[in-house]
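Colleague: After the structure tokens below, expect a handful of questions from me.
The values are calculated or read from the model by the stated rules, or taken from the named source; none is laboratory data. For clarity, every value in this text was computed on a predicted model and none was experimentally measured. Note that each Cβ is placed from the backbone with ideal geometry, even for glycine, and that neighbours are counted across all protein chains shown. Accessible surface is based on the protein model in full, side chains and every heavy atom, while ligands, DNA and RNA are left aside. Shrake-Rupley method; radii C 1.70, N 1.55, O 1.52, S 1.80 Å.
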Amino acid sequence: MSTDQQYHEYGMKTSISIVSGPSSQVLAGRIARTLGCHLADTEFSTFPDGERYLRVPGIDSCDHVAIVQSTPTDSDYISLLQLIDACDTSDRIDVVIPYFGYARQDKRFKDGESVSARALAQAITADRVFTVNIHNPDVLPYFDAPATSINAAPVVGEYIASMKLTDPMIIAPDEGALDLVQSTSENLGIGFDYMEKTRISGDEVSIKTKEPDVSGRDVVILDDIISTGGTIVETTLLLKKNGARRVFAACIHPVLVRNAVLRIFAAGVEGIIATDTLDRSVSVVTVAQLIANIFKGETIKQ
Ligand code: R5P
């Protein structure tokens with residue numbers, strides 16, 4: 001009998017239940033399947049005035065819940081708060097926010113600004129918080145609960161290694177992505193470099209060349225987030241000018257707003273590779289196993 005059947009037929013307390021909101025249904029399903037544990041069938045809808053409604057049927061009989069909900073939009077953040085509230089009868093609440101929105105406003109860049117990442121992190125009540133490749137690890141202490149950023153670089157690296165690229169190279173579009181690129185190329189024997197980016201506006205950047213040695217090579221541009229696609233577009237144009245053979249765009253979090261996908265392909269990119277921290281058509285690399293690993297050994301019935 002599956003854990004799901006046990007839960008429904010006997011109303012037994014499972015030691016962990018995965019509870020997802022609207023934004024992380026696929027990933028939550030994959031995590032539950034990997035762990036072989038119960039997956040709650042959360043209900044959510046929107047009232048006529050735009051307010052959100054959320055219910056997790058049967059949650060009262062769960063001792064330990066792992067809420068999985070990315071927050072790419074304000075509404076998803078509201079759903080996360082509602083999920084935490086709905087689970088308040090559980091003895092233990094772990095919160096997994098695969099993509100934590102607002103993490104880029106991690107400090108006060110200008111006088112009077114809200115440190116949005118801090119404001120949002122502080123409203124999360126949980127026993128533990130997990131996220132994936134947070135934009136800046138300095139945000140983690142803003143959570144009241146112990147918070148950990150899981151590194152998805154190894155699974156992205158495995159995918160890149162399987163692509164049969166010609167004389168490949170991984171490029172960070174700016175110095176901020178260098179750690180990610182370095183840890184992705186580690187153990188793969190693939191060379192890496194980084195470019196210098198200056199942000200002009202929300203969707204405009206300028207990339208300065210450091211004359212990367214890309215002539216005749218397949219290049220993967222890897223960033224933590226692709227949002228408007230501006231960074232990937234400018235980097236691609238520069239790499240092509242420097243003789244790159246084929247250019248691929250990769251990221252952990254495919255935010256991909258507006259016409260980002262079209263812009264990226266129109267710039268000459270061959271393909272987009274991303275993880276499933278956000279559920280998009282380009283989310284070909286799963287972080288389910290990495291997240292499931294946290295809870296392994298915690299799924300045995302008590
Ligand atoms: C910013 O520092 C991030 O690491 C990404 O480079 C940025 O979010 C990408 O944004 P866009 O796709 O809009 O250029």
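Colleague: Just to verify a result, which residue in the stretch 171-191, among those that are among the hydrophobic types (A, V, I, L, M, F, W, C) and free of Cβ contacts under 8 Å to residues at least 60 places away in the same chain, is nearest to the ligand (Cβ to nearest atom)?
Modeller: ALA177
Colleague: Still on this structure, I have one more. Considering only residues of the stretch 216-248 that are of a type in the set (Val, Ile, Thr) and part of a helix (DSSP H, G or I), which is farthest from the ligand (Cβ to nearest atom)?
Modeller: From the stretch 216-248, those of a type in the set (Val, Ile, Thr) are 219-221, 225-226, 228, 231-233, 235-236, 247; that's our starting set.
Subsequent filtering for residues that are part of a helix (DSSP H, G or I) retains 231-233, 235-236.
On the way: THR231: 3, ILE232: 6, VAL233: 8, THR235: 9, THR236: 12 Å.
The residue in question is THR236.
Colleague: Considering only the stretch 118-134, state which residues are in contact with a helix residue (DSSP H, G or I) (Cβ under 9 Å, 6 or more places away or on another chain), under 26 Å from ALA292 (Cβ atoms) and open to solvent by less than 80 Å² (accessible area, probe 1.4 Å).
Modeller: From the stretch 118-134, those in contact with a helix residue (DSSP H, G or I) (Cβ under 9 Å, 6 or more places away or on another chain) are 118-126, 128-134; that's our starting set.
Filter again for under 26 Å from ALA292 (Cβ atoms), leaving 120-121, 124-126, 128-134.
Result: LEU120, ALA121, ILE124, ALA126, ARG128, VAL129, PHE130, THR131, VAL132, ASN133, ILE134.
Colleague: While we're on this one: Taking the condition of being out of contact with any Pro (no Cβ under 7 Å at 6 or more places or on another chain), at pLDDT 95 or above and among the small types (Gly, Ala, Ser), how many residues in the stretch 59-89 meet it?
Modeller: So the count comes out to 3.
Colleague: I'm checking my understanding of the structure. Among residues of the stretch 192-205 that are more than 11 Å from the ligand (Cβ to nearest atom) and of a type in the set (Ser, Thr, Tyr), which one is most open to solvent (accessible area, probe 1.4 Å)?
Modeller: Here the answer is THR198.
Colleague: Further question: Inside the stretch 206-224, can you point out the residues that are of a type outside the set (S, T, N, Q) and open to solvent by 20 Å² or more (accessible area, probe 1.4 Å)?
Modeller: So in the stretch 206-224, the residues of a type outside the set (S, T, N, Q) come out as 207-208, 210-214, 216-224.
Answer for the stretch 206-224, where residues must be of a type outside the set (S, T, N, Q) and open to solvent by 20 Å² or more (accessible area, probe 1.4 Å): ILE207, LYS208, LYS210, GLU211, ASP213, GLY216, ARG217, ASP224.
Colleague: Further question: Scan the stretch 143-162 and tell me whether some residue there is closer than 23 Å to ASN293 by Cβ, within 10 Å of the ligand (Cβ to nearest atom) and not in a loop (DSSP other than H, G, I, E, B). Give the steps one after another, and end with the answer.
Modeller: Our first condition is that a residue be closer than 23 Å to ASN293 by Cβ; within the stretch 143-162, this holds for 143, 145-162.
Now narrow it down to the ones that are within 10 Å of the ligand (Cβ to nearest atom): none.
Within the stretch 143-162, not a single residue is closer than 23 Å to ASN293 by Cβ, within 10 Å of the ligand (Cβ to nearest atom) and not in a loop (DSSP other than H, G, I, E, B).
Here's the yes/no breakdown for (1) over 20 Å from VAL132 (Cα atoms); (2) part of a helix (DSSP H, G or I):
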site: SER45; (1), (2): yes, no
site: ASP49; (1), (2): yes, no
site: ALA66; (1), (2): no, no
site: ASP76; (1), (2): no, yes
site: LEU80; (1), (2): no, yes
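Colleague: In the stretch 228-245, what residues are closer than 25 Å to GLU158 by Cβ and in contact with an Asp or Glu (Cβ under 9 Å, 6 or more places away or on another chain)? Before you say what the answer is, go through the steps one by one.
Modeller: Within the stretch 228-245, the subset closer than 25 Å to GLU158 by Cβ is 229, 231-232, 235-236, 239, 244-245.
If the condition is that a residue be closer than 25 Å to GLU158 by Cβ and in contact with an Asp or Glu (Cβ under 9 Å, 6 or more places away or on another chain), then GLY229, THR231, ILE232, THR235, ALA244, ARG245 are the ones that fit.
Colleague: Here is a follow-up. In the list VAL282, VAL205, VAL219, VAL269, which residue meets the criterion of being aliphatic (A, V, I, L, M) and at pLDDT below 95? Explain how you work it out, then say what you get.
Modeller: Details: VAL282 fails: at pLDDT below 95; VAL219 fails: at pLDDT below 95; VAL269 fails: at pLDDT below 95.
The unique qualifying residue is VAL205.
Colleague: A further question on this structure: Go through (1) open to solvent by 20 Å² or more (accessible area, probe 1.4 Å); (2) farther than 21 Å from GLY202 by Cβ; (3) aliphatic (A, V, I, L, M) for ALA266 and report which single condition fails.
Modeller: Of everything listed in (1) open to solvent by 20 Å² or more (accessible area, probe 1.4 Å); (2) farther than 21 Å from GLY202 by Cβ; (3) aliphatic (A, V, I, L, M), ALA266 misses just condition (2).
Okay, residues lined up against (1) assigned by TED's automatic domain parsing to the domain that holds ARG245; (2) aliphatic (A, V, I, L, M); (3) closer than 30 Å to ALA121 by Cβ:
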position	(1), (2), (3)
GLU158	yes, no, no
SER162	yes, no, no
LEU165	yes, yes, no
MET169	yes, yes, no
ALA172	yes, yes, yes
GLY176	yes, no, yes
GLU211	yes, no, no
